[in-house]
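Below is one structure, written out as structure tokens; comments come after it.
The values are calculated or read from the model by the stated rules, or taken from the named source; none is laboratory data. These numbers come from a predicted model, not from an experiment. Note that each Cβ is placed from the backbone with ideal geometry, even for glycine, and that neighbours are counted across all protein chains shown.
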Amino acid sequence: MTQRAGGTSPGHLLVTGIDHVGITVRELERSLAFYCDLLGLRVIEISGEQDVGQIVGIPGARVKTADLDVGDGRVLELLEYVAARADDVPQRPNAAGCPHVALHVHDIPTVLQRLARAGHNPDGEPTTITGAIAFEGATVVYLRDPDGAVIELVQRP
């Protein structure tokens, strides 16, 4: 694979990092049970209804949100649309435009056992990566949150 140089000099990066990752959920409380109770993330803040129509370009859109601490200053934002909801669209990891969120864990087998007891099973099998510089020795597996969002668990060596 070839590396691609950016269009600007290193001192003038246009993107300087990921601020947060957001996932739209059907029911905020159900998703908090998954992400906090099962995966152990900590709630930073839960916000009441907010008008986001102008931000997202959907007139009348209102959301409730929860910001979760995923470590190292990173935030996972859960958004429940309470007005201007849309139909759910199944996500497939092999479909163009399908995002996934990769969460670092220390022990994939233990996490998967805990999730299985709550009825959440992985889509694939935990696999250790070889021959890839950025992921060499990492064990990874995909699963779904309660709304079908694609979640990758990553255990680094």
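Scanning segment 20-46 for residues that are part of a helix (DSSP H, G or I) and either under 19 Å from Arg62 (Cα atoms) or of a type in the set (A, V, I, L, M) (or both) gives Leu28, Glu29, Arg30, Ser31, Leu32, Ala33, Leu38.
Suppose we filter Ile44, Ile129, Ile108, Ile58 for residues that are surrounded by 11 or more Cβ atoms within 10 Å (Cβ to Cβ), closer than 19 Å to Val154 by Cα and touching a residue at least 24 places away in the same chain (Cβ under 8 Å); which single one remains?
Details: Ile44 fails: closer than 19 Å to Val154 by Cα; Ile129 fails: touching a residue at least 24 places away in the same chain (Cβ under 8 Å); Ile58 fails: closer than 19 Å to Val154 by Cα.
Result of the check over Ile44, Ile129, Ile108, Ile58: Ile108.
The sole residue among Pro122, Pro93, Pro109 that is modelled with pLDDT under 95 and either of a type outside the set (Val, Ile, Thr) or not in a helix (DSSP H, G or I) (or both) is Pro93. Only residues that are surrounded by 12 or more Cβ atoms within 10 Å (Cβ to Cβ) and farther than 30 Å from Tyr81 by Cα were counted across segment 132-149, and they come to 5.
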